[in-house]
Structure formats: structure tokens, C-alpha cells
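These notes are about the structure you will find just below.
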Amino acid sequence: MNEPNSKPMGGPGGPGGPGGPGGGPPKAGYTEIKPESSYILTETEIHPNGLVIEDGNIPIAAEGKALLMTVDGVVTNITPGIYPGKVVLTVYELSNVPEDQAELSSGDFRTALYVMDGKLVPTGIEQAAGAFETEKQGITDVEYLSEANDMNGIIVGAHDYSETPFEISDSWFSASGSGTSEGRGAVLMTVGKANVKLDGANIWNYGTLSAIVASGESHLEVANSVIYGEKDFSAGKLCPWVLGINGNNRLTNAIDNAKVYYHDSIVVAESWAALSTDSGRGVRLVGENLFSGIGRLEPYEESHAADYTAVPELNGEKYGFYLGNSAIGECGYVNYADGFHNSFRDVTFYAPDYIFILSSGQASIDVEGDSYCHSGRFGILWHKNQGGTVSLKGGKWYAEDALVLAKSYSSTDTAGCFCNVLCDGTDIKLGKGGVLYQLMTSDDMGLTPGQVSVYTVPEIEADLSRVEKLPETYRAQKMEQGFPPFVKYPIYQLDGQEVTVREDEAGFLAAHPDAVPAMYDAPYRIQSSTFTLKNLCTEGDIFNGVYERIQVLDVTLENAVVKGRISSAYTFHVDAAGNPCAPGTTYSKAGKEDEHLGIGRVGNTPAPAINNPVHLTLKSGAQWTPTGTCYLEQLTMDGSAVIHGTVSVDGETVSAPGTYTGNIVVTP
């Protein structure tokens, strides 16, 4: 099919809307809501000339059955109203997706098509998928149009993995209404050990339902497809607003242990998320030759050409993409890695807020090839991450405020955050914010009950010089006390491994200058974050502004030319005009539409480190031009490195190669 111009875009929303009758409780699966009524059906009814449904006399199915209404073939919520056209009230039984097929997507579903182990399972409402055709190991020409809440289009499951995928090809879907990002109401959901390929699909959604949810241990390939989700602005704010976003639709989501591969496709959500990976254990998402973004999508109109942010093409068709406007709720991220590793090559990503968000465990992302990523605020957000890596190799990036925003420990976000970022040969350009890397005390507020409704700018931001310096930690030793061999042998980290020093410690350090003492009993220290720039030339600032815990920001310039400030800093929240916010200023989930934009919006004043030291290494021909006074705790330069400025260590000017530690001040 592949002809979106011939179909209505996104659906009109339908009677009832999100939260209306039939919405069910917020869990996986579907629960039929049956109001008090004497209009009880035991078998299907057809009303060829239309139907009037009056309040108090709403048709419902007999006990143990479910009821589906279609109006001229469109699945529609059953609510009071006048329905002209051919109305069919179908009595059927819900499809049960066995619990062992998907931990988060088990239960009773109403779905047009249900495939288990490569075979169609009768649902009683197959007509909602149009005049589709079955093929060996697949289906084609599905035409699915639904305006009903919590109505699934296709669920594909399997008890055992098959090397040959079940294919859904050349099909068109338009769905509106409510649903969840765990699968209830999704156009396509894969469960169990299903292996599925979606090829040549057009999905145009409206509302809070997802287009695609991959769960269980399923594998899903999405190729040559256009997927768009339009926001329902009446549905409220569902995403974690303390991430600085405001939306209600994770358009696609991979959970549990699912593996998803998107290529040669367009995936655009108007809010929240385009390519999401959520809680689970082994999720993996890979994207190649992929256009994705947060904003609006439409078939290309020449009269709108001057207003488009980008014009992606697929299957000979051109589309117009408008970058979302965060201030009115068209906001979100392209991809979220929640403890997983996602990979991208030759992709084009646009977002008004974030390209990537990484959270939990060692969440990691790599991007390579001829990729372009454009963000209206921040390129990459880190929070609650414990050692993951973002690797950018080649490609081009633009971020209006900061390329990287890392939120570490705070009294209300005690998970802390330490992460690694590598930019190798990447063309990086910044907007008015002008920050390459911002490490700050978290304003996520822990995302825990009782803390998510309001963020208050703390009193200490009025005078960050009053922050108290925290005590250092100790070198690690064997923890057993009172037995000499376990208390006198220090432990060092060398080449990623722990080494116990049993002989001369000074001699060991002389022979292994890269060894660093391991730490234990460290309630005041967060592991270092690293930022490495290689083989590139860019301008921008790098700041470490944490203050409630000790955390080093390790910066390395390798064959890189950088112009900007690299420094410890006092970091404080600012308003939209860039002025410091008064202590007590609040951002509220219940406040005005754009209050989420205050989360993570900060300014910096370079200052000597308190608990926020910066360690800078320049090597392999690196050049640094400071644009203001900068403060470091440690500076390492090899013989090829150049600093276009003056360096003083504890008041003494230095210029020779080597490693310096102390009160280091660098001026232009």
C-alpha cells in the first residue's frame, strides 16, 4: 500500500476519548467496563442504517463475553450518541495472552488479529483488520482503523523462537484512543519468543496508545515503514516531568528481553518518546538508515516547504517534519536507554529536548557513520547511571544548550551518576547555551512518591561558596580488622583490575605510575565521570558543578582543538532569560504548561573546586584556548600539547610538560 496520502492522518479521536468507557484499569491487558443496562447482547447485531445509543441503555455483552462496535468498519467506543452508517455490534471472547509469554504484557486483550506460533488464532473480531490476506509465515494488506480505547491491532507470540520471521507487510494502520506503553492498546505487540518482521507499514496514531511494543523475548525488525504518533493534548502529562519533558505517548517501546531493529524507516512522535527502551533485563535496540524525531509529521506539501525542519524520504514519498515546540508540550526524547546498550548508524535524529536519555546500571549508546543529531536543548541526558558509555564516532551534532547534561548525587536523588562520554571525529556545534559538558547536582528529585510534584531551588544556590568541603575517602584494604595481613596491604586499580600490594608500595607505584588507589567506605564520593574529545575541533565550555558529594570530572583532549572554559564551577538554576533563580523558586508538575523547561536549566560561574574537581589531560597534539579564568585540580600535558593561555599552580607559573596537582588557575 504505502500511500499515506490516500488515508486520513492520525484519526479523529472518536467518541469518548481517552479515559472514557472501555478504558479499563491502568494495567496490561483489557478489562471490559459494563455499565448498568438492560441492553444485553448474547450474539452479534447488525444495524445497516445506523444506531442511536441513549444514556442508560448502552449495549453490553452477556457475562463472559465482550462487545465490539464498528461504524462503517471503524472500531468505535460504545458511548451514548448518534451513529449513522452501518453499525455492527460483535459479541466475542477476549484473547488471552498467556502469562509466560510476556511478564508485562499478560492477560486478556481485545485484538483484531492474534498470531501464536505462526498461526492465526480466531479472535471473533478479525474484520477490524480489513480484507487482509494470509501468506505462508505472514499476513499482508492489513487495513486497520480504530477509534476505540485499549484496542490492539495485532499481537504476535511464540513459544519457541523461529529463525524465519512472521512477516506483516504492505499494511496500513490508524488508531486513536488510550493505551499503555506496556502493550495495552498497541497497534503491534510482540510477545514470548516471537520473531516478527514489519515491512512496508504505515502507522498513523493519535492518543496515548503505542504503535509498537516489543516484549518477552521477542525479536522485531521494522523496515521500510512510516510510524507517527500525534499527541492528545487533552490527556494530561504522563511522562516523568522531572526529566524536563511533558508528554503522554511512548510511540514505540521495547521491554523485558526484547530485541528491536529499525532500519530504512521514519519514526516520529509528537511527544514523550519515539524509540523507547524501558525496564527489563536484556533489551537491545539497533537503528540504521533511520529518521526519527519529536515533532509533527505530514505527507510533504509544497506550500509548507519553508516551514519544515527536515524533509525525509522513504519508498519514493517525501514527508514534512516540524521540530516540536517544548513550551506547548511537543517535547521529549528520541531514545531512552534504561540500563541497556543501544546502537545507531547512519541515522538522522531531531528533538526539541533530548536526543538520548540514559539511566540505570551501565546504560550505553553508540552512534557512528553519517549520522546527524539536532537538539533544541540538550543532546544527551544522564541520570542514575553507574558507569555506562556514550560513544560518538564521526557524524554531526548540534545542541542549543548543552551537548551533555549529567545529573549526579543529591539529597533527593541518592543514586548518583557517573558516566563516560567519548566523541571521536565528531563535528560538534552548540547554540546559545554553549556548553559541551555539564555535570551538576541532580534536580530529578529521586522520582519517588511525594517528591515528584514540585522542585524547589535550594537555599544554598544563593551563595554556593558556603558549600562545605567533604572529607576524602581512604585507600581500600582488606576489610577484616585486627589481623595484620588484611589491614596492611593496600589495593590499587591497574588496567581495570584490583592489585594487592604486598611488597614495597613506593616501588610498586614507581613501576606502575598509572595505578590508582581503590576506595572503600566512601559515603562522600561518587566515582569519576569522564569526557574525552578526540580528533576534532570545537568550541564550548566544560563544567563540573556538583556539590553534595565529591565527584571528579576527568576531561581528556587527544589530538583535539577546543576553545572554551574547562573548570570547576558554581552551578545554579536560571530562568528563561538566563538570570539566577531566587532560592525557593519552584517548578511544579501542576503548574503552567512549560514549567518542565526549568528542570536542568542552569548557569555556571567558574570557581575553585570544593567537592567538584576537574582533572584535565592534553595529549597527542591537543590544543586548548581558554576563554575565561578556569580552575582545575589536576593538569597533565605531554610534550605535544599546547595551552593558549597562562597556567599557574599554587601561584607559580608553569609551562613544561608533566602532571600538576593543586590549586591550578588557567587564564587566557
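The values are calculated or read from the model by the stated rules, or taken from the named source; none is laboratory data. Fair warning: this is a prediction, and the values are worked out from it, not measured in the lab. Counting neighbours? That spans all protein chains shown, and the Cβs are built from the backbone with ideal geometry, glycine included. Surface accessibility is based on the protein's heavy atoms, side chains included, excluding ligands, DNA and RNA. Shrake-Rupley method; radii C 1.70, N 1.55, O 1.52, S 1.80 Å.
Can you name the residue in the range 279-322 that is part of a strand (DSSP E or B) and among the hydroxyl-bearing types (Ser, Thr, Tyr) and, of all such residues, is most open to solvent (accessible area, probe 1.4 Å)?
SER279
Which residue pairs have Cβ atoms closer than 9 Å, lie 6 or more positions apart in sequence or on different chains, and pair a first residue in the range 639-652 that is under 16 Å from THR625 (Cβ atoms) with a second residue that is of a type in the set (Phe, Trp, Tyr)?
Qualifying pairs under 9 Å: ALA641/TRP624; VAL642/TRP624; ILE643/TRP624; HIS644/TRP624; GLY645/TRP624; VAL647/TYR660.
For VAL390, work out the one condition from (1) open to solvent by 10 Å² or more (accessible area, probe 1.4 Å); (2) without any contact (Cβ under 8 Å) to a residue 40 or more places away in the chain it doesn't fulfil.
Failing condition for VAL390: (1).
Of the residues ILE125, ILE154, ILE139, which is among the hydrophobic types (A, V, I, L, M, F, W, C) and more than 18 Å from GLY29 (Cα to Cα)?
The unique qualifying residue is ILE139.
I need the full set of residues from the range 437-461 which are at pLDDT 95 or above and open to solvent by 70 Å² or more (accessible area, probe 1.4 Å), in order please.
Selection gives GLU459 alone.
Do we find a residue being in contact (Cβ under 8 Å) with a residue 40 or more places away in the chain, more than 29 Å from LYS318 (Cβ to Cβ) and of a type in the set (Val, Ile, Thr) anywhere in the range 182-204?
Checked the range 182-204: at least one residue is in contact (Cβ under 8 Å) with a residue 40 or more places away in the chain, more than 29 Å from LYS318 (Cβ to Cβ) and of a type in the set (Val, Ile, Thr).
Tell me which residues, restricted to the range 513-538, are over 22 Å from VAL552 (Cα atoms) and open to solvent by 40 Å² or more (accessible area, probe 1.4 Å).
ASN535, CYS537
Give just the number: which of (1) farther than 22 Å from GLY200 by Cα; (2) open to solvent by 10 Å² or more (accessible area, probe 1.4 Å); (3) touching a helix residue (DSSP H, G or I) at 6+ places or on another chain (Cβ under 9 Å) does LEU145 not satisfy?
The one condition LEU145 does not meet is (1).
Report whether or not VAL574 is surrounded by 20 or more Cβ atoms within 10 Å (Cβ to Cβ) and of a type in the set (Val, Ile, Thr).
no
Restricting to the range 557-571, and then to whatever is open to solvent by less than 30 Å² (accessible area, probe 1.4 Å) and of a type in the set (Val, Ile, Thr), can you tell me which residue is farthest from SER442 (Cα to Cα)?
My answer is VAL562.
Just the residues that are part of a strand (DSSP E or B) and either open to solvent by less than 70 Å² (accessible area, probe 1.4 Å) or farther than 30 Å from ALA560 by Cα (or both), please, taken from the range 496-512.
Passing the criteria: GLU498, VAL499, THR500.
Which members of the range 409-436 meet the condition of being open to solvent by 40 Å² or more (accessible area, probe 1.4 Å), of a type in the set (Gly, Ala, Ser) and within 20 Å of the chain's Cα centre (by Cα)?
Once the filter is applied, which keeps residues that are open to solvent by 40 Å² or more (accessible area, probe 1.4 Å), of a type in the set (Gly, Ala, Ser) and within 20 Å of the chain's Cα centre (by Cα), the range 409-436 yields only ALA415.
Considering each residue of the range 341-365, count those that are among the aromatic types (Phe, Trp, Tyr) and open to solvent by 10 Å² or more (accessible area, probe 1.4 Å), and give that number.
Residues meeting the conditions: 1.
Of all residues in the range 186-231, how many are out of contact with any Ser or Thr (no Cβ under 6 Å at 6 or more places or on another chain) and not hydrophobic (A, V, I, L, M, F, W, C)?
Residues in the range 186-231 being out of contact with any Ser or Thr (no Cβ under 6 Å at 6 or more places or on another chain) and not hydrophobic (A, V, I, L, M, F, W, C): 13 in total.
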